[in-house]
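One structure is given here, and the rest of the page talks about it.
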Amino acid sequence: MNYRKWIPKSITQREDFLPENLEDVRSWVWETIREDIAAELYVYENRVLLSPEQPIAWETIRRYEYESKKKNKVKKYYEIQTRDAQICFLRAWVEVERCSKKDKFSENTESFLLNTNLSNFSVNENELDFFLLNEQADFSFSLVKKIWNNCLNLRPSKRKKKYKYIDHKKVKQKNKKKWNVYVRPKLRFYFYGLSKKKPKYLKKDQFSDLTMNMETIKCKKDDGVNIMLFANFDSWLEFIFQHQIKQGNIMLKDNKLSILESIEKDKKDASKDKTIVTDDIHSILQKIENGTLKSELSLTDRKKLDNLCKESPKVKLMLRRAHHKAINKEIAQAMHIARQKIQKPNLQIKADNDYIEYVNQLVQHMKNGMIRFVEWMSPPMKTQYVELREKGVALGLGADFPPETKTFNALGGEISVTYLWRKGYQNKSGFLNITWKMDIIPRYELWIVFVNPSNHEAFSEFVLGEDYEGEKYFSVNDLKFDPSIDFWSAYLTLKELL
């Protein structure tokens, strides 16, 4: 199970890197298989804790803002691939759920998971949709054992780097480009965020041992295998866990909240908290946001903050947000040093060997495209059609809209982009036509990101290229939304070419 991490040990070992409950999960995994999943848990906290109503957008989680120290303090960005952030989140999700089950129940659920066969759960090995849409149960269950044997229960040093998880001879839907994995609604919510659209596939009665409907998440077969493996594992773990409770094979030790439940309670309590945050507390939080560790505060400030966090869930959450801002600045700084190292290979870094090794790893991540430097980002763009509909103006759905051009100043030059939408008719799909012109210095690649304005999640992202002008067509399937029906916005970015 290979996926890439981007946060250095010097940062993950900070005293404030994770809250206590997630630090416990980190310690448990380390004691079990000697693997540090700090980066995974950090993404999990971003996605689950730090936004009260819905998860923070992947676009926000994957982007690290760097502010130059020059007088004009220009803000620029480094970004990781969304897929890497999602894989880290799902790995952490699985470990958090495993740890919660271990703490709450008298027996190890995983012993039932791995030392049995499907007939013990009244599941026929040829039965479909456990938990992969239109795939057989024995194939899906074999993936559970494989990810256990080569990842979740094995030290990283002993894992096979080229382990074959997928036996393509057993895949029924060979012509499909995506996996559809049935997961619990909570997981789907934290993976996708709030969505007005109902899941395409629902299961109510088939999974009789589960007390909730199961909903699907999608991932590409070519580069989304890790997402599918972790999601599938979690569904099987929950299914067998509930089955064993019904059979009386495992007993509840206590009624304490699971880790996820406690985090959700903290968020709910914080949203109801009416505590007035005074200027002196704001000043302390600003110090932490600027990089001061809690242990480096004066004794008076530390006591004041500790006492208020015990009384106020809102201030406790504000403190975690301040920690995250400080940590993200450190990560962006390390990425910036790596970029300087690429530009000046002989650059000497004044730091310990671990940090220098980490910067060298970031250099490789940048060269292979995992981390990109975003030199410029446009303001959000909305078509007049969308703006009128958002204001409640009655317009015919499914209509074409006239071409619109937006122009921006960028890097001392200019970029203009024109939208033209044509709806589908008869057997032909609708499409969005994008044309652009750039008058900027070379060495940059133009990208466009289409976003759901209600939750800031990206529908899709496309590279337009290095050419100074061009034209591309995107179908509804490409875009993952219908421009004439759905609310949407877009923005342009310029990413540096190495």
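Below is a table of values for the structure above.
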item: Any hit, segment 440-448, residues being outside the structural domain of I342 (by TED's automatic domain parsing), within 22 Å of F487 (Cα to Cα), at pLDDT 75 or above and not polar (S, T, N, Q); result: yes
item: Complete set of residues in segment 269-316 that are free of Cβ contacts under 8 Å to residues at least 60 places away in the same chain, over 27 Å from E330 (Cβ atoms) and either loosely packed, with under 12 Cβ neighbours inside 10 Å or out of contact with any helix residue (DSSP H, G or I) (no Cβ under 6 Å at 6 or more places or on another chain) (or both); result: K272, K274, I276, T278, N307, K310, E311
item: Residue check for N134: at positive phi and modelled with pLDDT of 90 or more; result: yes
item: Scope segment 11-33; condition under 23 Å from E357 (Cβ atoms) and in contact with a Ser or Thr (Cβ under 8 Å, 6 or more places away or on another chain); matching residues; result: E15
item: Residue within segment 444-459 that is surrounded by fewer than 19 Cβ atoms within 10 Å (Cβ to Cβ) and of a type in the set (F, W, Y) present; result: yes
item: Among (1) out of contact with any Cys (no Cβ under 9 Å at 6 or more places or on another chain); (2) modelled with pLDDT under 95; (3) on the phi < 0 side of the Ramachandran plot - the single one G291 does not satisfy; result: (3)
item: Subset tally (residues that are more than 15 Å from E35 (Cα to Cα), in a loop (DSSP other than H, G, I, E, B) and touching a residue at least 12 places away in the same chain (Cβ under 8 Å)) for segment 148-180; result: 10
item: Check on I263, at pLDDT 85 or above, assigned by TED's automatic domain parsing to the domain that holds V48 and β-branched (V, I, T); result: yes
item: Search result, residues across segment 21-59 that are of a type in the set (D, E, K, R), more than 17 Å from A85 (Cα to Cα) and assigned to a loop (DSSP other than H, G, I, E, B); result: R34, E35, E53
item: Enumeration of residues in segment 268-301 that are under 14 Å from V315 (Cβ atoms) and basic (K, R); result: K272, K274, K294
item: Selection status of M228, among the aliphatic types (A, V, I, L, M), in the same structural domain as V144 (by TED's automatic domain parsing) and without any contact (Cβ under 8 Å) to a residue 60 or more places away in the chain; result: no
item: Residue count for segment 219-247, restricted to those that are surrounded by fewer than 19 Cβ atoms within 10 Å (Cβ to Cβ) and closer than 20 Å to L133 by Cβ; result: 5
item: Test: residue in segment 325-348 that is basic (K, R), at pLDDT 95 or above and more than 26 Å from the chain's Cα centre (by Cα); result: no
item: Meets criteria (modelled with pLDDT of 85 or more, among the aromatic types (F, W, Y) and not in a strand (DSSP E or B)) for F191; result: yes
item: Matching residues, segment 340-350, being in contact (Cβ under 8 Å) with a residue 12 or more places away in the chain and surrounded by fewer than 19 Cβ atoms within 10 Å (Cβ to Cβ); result: I342, I349
item: Conditions (1) more than 20 Å from M370 (Cα to Cα); (2) at pLDDT below 90; (3) β-branched (V, I, T): number failed by I33; result: (2)
item: Complete set of residues in segment 360-382 that are in contact (Cβ under 8 Å) with a residue 40 or more places away in the chain and either assigned to a helix (DSSP H, G or I) or among the polar types (S, T, N, Q) (or both); result: L362, H365, M366, K367, S378
item: Qualifying residues in segment 1-20 (those that are without any contact (Cβ under 8 Å) to a residue 60 or more places away in the chain and assigned to a loop (DSSP other than H, G, I, E, B)) - the one farthest from the chain's Cα centre (by Cα); result: Q13
item: Total residues in segment 317-349, condition farther than 17 Å from D16 by Cα, small (G, A, S) and in contact with a helix residue (DSSP H, G or I) (Cβ under 6 Å, 6 or more places away or on another chain); result: 1
item: Of residues in segment 414-432 being modelled with pLDDT under 90 and part of a strand (DSSP E or B), the one surrounded by the most Cβ atoms within 10 Å (Cβ to Cβ); result: L432
item: Test: residue in segment 230-252 that is in contact with a Ser or Thr (Cβ under 8 Å, 6 or more places away or on another chain) and either of a type in the set (S, T, Y) or closer than 23 Å to L18 by Cα (or both); result: no
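The values are calculated or read from the model by the stated rules, or taken from the named source; none is laboratory data. Given the structure is predicted, the values throughout are model-derived calculations rather than measurements. Cβ atoms come from the backbone with ideal geometry, glycine included; neighbour counts cover every protein chain shown.
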